[in-house]
Structure formats: structure tokens, C-alpha cells
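Step one of this worksheet: look at the structure below.
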Amino acid sequence: MQHIQWFPGHMTKAMRMMEESVKTVDGVLVVLDARAPAATVNKKLNKLFGAKPVLYILNKADLADDKKTDAFLSAFAKTGAFAVKCTATSQGAARTIGARVGEMLKEKFARDEQKGMSRTPKLMVCGVPNTGKSSVINALSGGKRAATGDKAGVTRGKQWIRCAGFELLDTPGTMPPSFENQTLARHLAYIGSINDDILDMSELALEFLREIADTYHDFLRERYGIEDFSAPLVMYEQVCRRRGFVLRGGDFDYERGGKAVIDDFRKGRLGKITLETAADYAELLR
Ligand SMILES: Nc1nc2c(ncn2[C@@H]2O[C@H](COP(=O)(O)OP(=O)(O)O)[C@@H](O)[C@H]2O)c(=O)[nH]1
Ligand SMILES: [Mg+2]
């Protein structure tokens with residue numbers, strides 16, 4: 001089985017920038033992929049946020065298994081964290097996220113008011129690659145991405161976008177994912193958070209089929225006509241046969257088959273699939 005380990009060159013710089021930026025904000029929005037909240041959460045990085053409040057945004061809810069998303073929301077609530085589910089690319093995302101941001105910052109607003117202060121709170125958006133950080137920023141800013149201008153001394157050249165009730169740093173922080181748990185590392189690969197160039201897609205597809213066969217066999221039956229779920233390779237070959245991925249000479253074209261399976265999952269063409277359960281990963285959310 002391939003061992004996934006990846007740390008893009010630009011990540012160290014991105015981390016340093018985030019460490020710097022977080023000092024200037026009142027809270028952090030961490031964008032997770034609702035299909036893989038445990039893989040995308042990397043709680044170790046919360047050290048970086050210090051005491052700043054964090055809102056976990058379970059994005060791409062349109063692609064995820066609703067019941068499991070709700071279970072993750074409850075699990076986050078149990079730890080005392082703020083969390084919300086959304087589809088950043090759909091109407092209504094700004095309102096949904098905005099309402100939770102208001103709740104997260106309520107105490108701060110109250111404290112400020114007591115002190116007779118009123119300053120628009122500032123937030124930054126973070127997350128591992130491809131979870132939808134830019135889409136969240138676009139949703140919250142109404143796509144305008146209008147910078148509200150430099151505030152010398154305080155923001156040192158950072159651009160802020162005015163949103164309803166708060167301002168947003170216009171550049172999201174890219175967080176390196178954790179590869180400690182290889183099951184979760186594979187989830188990152190399935191959802192496209194790892195550069196595909198370093199991945200063996202056939203092997204990945206095989207693992208993917210192995211993982212989802214139990215819970216989501218109906219989706220596999222529907223899309224690929226799979227009837228025999230006895231082994232991942234058997235399923236894989238049924239995919240290739242159904243899609244006509246056969247090489248001259250009669251061998252299956254595993255390369256194309258693998259890419260097709262992973263792409264179908266990424267685009268939601270298999271159905272609403274979540275790779276993890278809150279119960280299995282409650283420990284990681286703490
Ligand atoms: N289906 C779906 N796609 C989304 C959603 N949010 C973002 N995307 C897509 O996911 C991809 C990555 O989004 P992007 O905002 O660039 O992610 P970033 O790398 O975290 O900034 C893009 O193709 C988006 O259109 C969502 O809620 N649902
Ligand atoms: Mg982006």
C-alpha cells in the first residue's frame with residue numbers, strides 16, 4: 001500500500017504568514033470538507049490560533065452524507081467548539097456562516113460594548129488545500145472581494161474585505177494536513193487535498209472501493225452495475241468493464257478506471273458520501 005507523505009514547498013511560508021496574520025484577527029474560520037472532517041481538521045494547528053475563537057465550517061455539505069454531517073456537528077458542539085455546515089458555492093452560504101460567526105463573537109461584542117468600544121471584528125479563513133477557503137471568502141464577500149483598505153500599523157498591508165458584521169482577511173491560510181493516520185491521509189487524497197501527481201490513482205481507487213463498499217454499495221451498484229462486492233479488485237474490474245476501460249489485448253485499463261472512480265467521487269456523481277463517522281474520530285475533534 002502506498003504511504004502518503006506530502007509537504008508542499010510553499011507550506012512553510014504559508015504557515016508563517018498565518019502565524020503572523022492570526023495576531024491581527026478576533027477569530028478564525030477553519031474550512032473543513034464535510035466528506036472528511038477528521039482528515040481535514042488537523043487540530044494540532046490550533047496551537048497557532050492561541051485563544052482566538054474558531055468556527056469549523058463543514059463545507060461541501062452538498063456532497064456529503066447529511067446524517068454523518070449532523071453527527072459531526074454534534075460532536076464538535078460537545079467539545080464546546082463552534083461548527084456549521086454549508087455549501088459555499090450555493091445561495092445562502094453567507095447567511096448560514098454569518099449567523100454562526102455572530103454567535104461565536106457574541107461575547108466579544110458584549111465585552112466591547114461594556115468598554116464603550118465598537119470596532120468591526122476581523123477574521124481569517126484557514127484550511128487544508130481544496131476544502132473551499134476561496135469559495136467561502138467569495139460567498140461571505142458577495143463575490144466582490146473588495147478590499148476595505150490598508151490600516152497602517154495594525155494590519156501591515158493586509159487587505160480586508162467588508163462582510164456583514166465583520167471583516168475578512170482576503171487571503172486564506174493554507175494549512176498542511178496531517179499524515180499521521182494513513183487512513184485519513186487517503187481521505188485527503190480522495191477529496192483532492194493532495195497533489196494527484198504524487199499519487200497512484202489505481203491503488204487509491206482500489207482503497208476507495210474497499211472503504212465505501214460496505215456503507216455505500218447501493219451507489220456502486222447504481223453507477224457501475226457492481227453486483228459482486230467480494231473484493232476491491234473484483235469491484236474495480238466491474239467498473240472498468242462497465243465503462244469500457246479495456247486495453248487492446250483485453251486487459252483492463254486500471255489507470256483510467258482509477259481516475260474515473262476518484263473523479264466520480266470528487267464530483268459527487270456516486271452520491272452523497274462521507275468517508276468518516278464522528279464516533280470513530282471523536283478523539284481527533286477534541
Ligand atoms: N460541490 C461543492 N463544491 C465546492 C464547494 N465549495 C467549494 N467547492 C469547489 O471546490 C473546489 C476548491 O474550492 P476553493 O474555494 O478553490 O478551495 P481552496 O483551495 O480551499 O481555496 C472548487 O472547484 C470549488 O468550486 C461546495 O460547498 N460544494
Ligand atoms: Mg483557494
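In segment 3-39, which residues are loosely packed, with under 15 Cβ neighbours inside 10 Å and part of a loop (DSSP other than H, G, I, E, B)?
His3, Gln5, Phe7, Pro8, Gly9, His10, Lys23
Restricting attention to segment 238-259, and to residues there that are small (Gly, Ala, Ser) and buried (at least 20 other Cβ atoms within 10 Å of the Cβ), which single residue is nearest to Ala36 (Cα to Cα)?
By that ranking, first place goes to Gly258.
For the structure I just gave you, tell me whether Phe76 is within 28 Å of Met11 (Cβ to Cβ), more than 8 Å from ligand 1 (Cβ to nearest atom) and in a helix (DSSP H, G or I).
In short, yes.
Between residues in segment 248-263 that are closer than 15 Å to Tyr224 by Cβ and residues that are open to solvent by 10 Å² or more (accessible area, probe 1.4 Å) and part of a helix (DSSP H, G or I), which pairs lie under 7 Å by C-beta distance while being six or more apart or on different chains?
Note: pairs meeting the criteria are Phe252/Glu237; Tyr254/Ser202; Gly257/Arg243; Gly258/Met201; Gly258/Ser202; Lys259/Met201; Ala260/Arg243; Ile262/Met201.
Name the single residue that is nearest to Ile262 (Cα to Cα) among those in segment 221-237 being open to solvent by 30 Å² or more (accessible area, probe 1.4 Å) and touching a residue at least 24 places away in the same chain (Cβ under 8 Å).
The extreme case among them is Arg223.
Suppose we filter Thr120, Thr96, Thr89 for residues that are open to solvent by 10 Å² or more (accessible area, probe 1.4 Å), within 16 Å of ligand 2 (Cβ to nearest atom) and either part of a loop (DSSP other than H, G, I, E, B) or not aromatic (Phe, Trp, Tyr) (or both); which single one remains?
Testing whether each residue is open to solvent by 10 Å² or more (accessible area, probe 1.4 Å), within 16 Å of ligand 2 (Cβ to nearest atom) and either part of a loop (DSSP other than H, G, I, E, B) or not aromatic (Phe, Trp, Tyr) (or both) leaves just Thr89.
Mind listing whichever residues of segment 161-176 are within 12 Å of ligand 1 (Cβ to nearest atom) and either in contact with a Ser or Thr (Cβ under 7 Å, 6 or more places away or on another chain) or open to solvent by less than 20 Å² (accessible area, probe 1.4 Å) (or both)?
Residues satisfying the conditions are Pro172, Gly173, Met175.
Can you tell me how many residues within segment 181-213 are within 21 Å of Leu63 (Cα to Cα) and either outside the structural domain of Tyr224 (by TED's automatic domain parsing) or under 17 Å from the mean Cα position of the chain (by Cα) (or both)?
Selection size over segment 181-213: 14.
Please specify each residue of segment 199-230 satisfying the condition of being assigned to a helix (DSSP H, G or I) and among the aromatic types (Phe, Trp, Tyr).
The answer is Phe208, Tyr216, Phe219, Tyr224.
Just the residues that are closer than 24 Å to Tyr224 by Cα, surrounded by fewer than 19 Cβ atoms within 10 Å (Cβ to Cβ) and within 16 Å of ligand 2 (Cβ to nearest atom), please, taken from segment 182-208.
Once the filter is applied, which keeps residues that are closer than 24 Å to Tyr224 by Cα, surrounded by fewer than 19 Cβ atoms within 10 Å (Cβ to Cβ) and within 16 Å of ligand 2 (Cβ to nearest atom), segment 182-208 yields only Gly192.
Which condition number in (1) touching a Ser or Thr at 6+ places or on another chain (Cβ under 7 Å); (2) surrounded by fewer than 20 Cβ atoms within 10 Å (Cβ to Cβ) is the one that Phe179 fails?
(1)
Hey, among Arg241, Arg286, which residue is in contact (Cβ under 8 Å) with a residue 40 or more places away in the chain, farther than 19 Å from Leu204 by Cβ and not hydrophobic (A, V, I, L, M, F, W, C)?
Just one listed residue meets the conditions, Arg286.
The values are calculated or read from the model by the stated rules, or taken from the named source; none is laboratory data. Model, not experiment: these values are computed from the prediction. We place every Cβ from the backbone using ideal geometry, glycine too, and count neighbours over all the protein chains shown. For accessibility, only protein heavy atoms count, side chains too; no ligands or nucleic acids. Shrake-Rupley method; radii C 1.70, N 1.55, O 1.52, S 1.80 Å.
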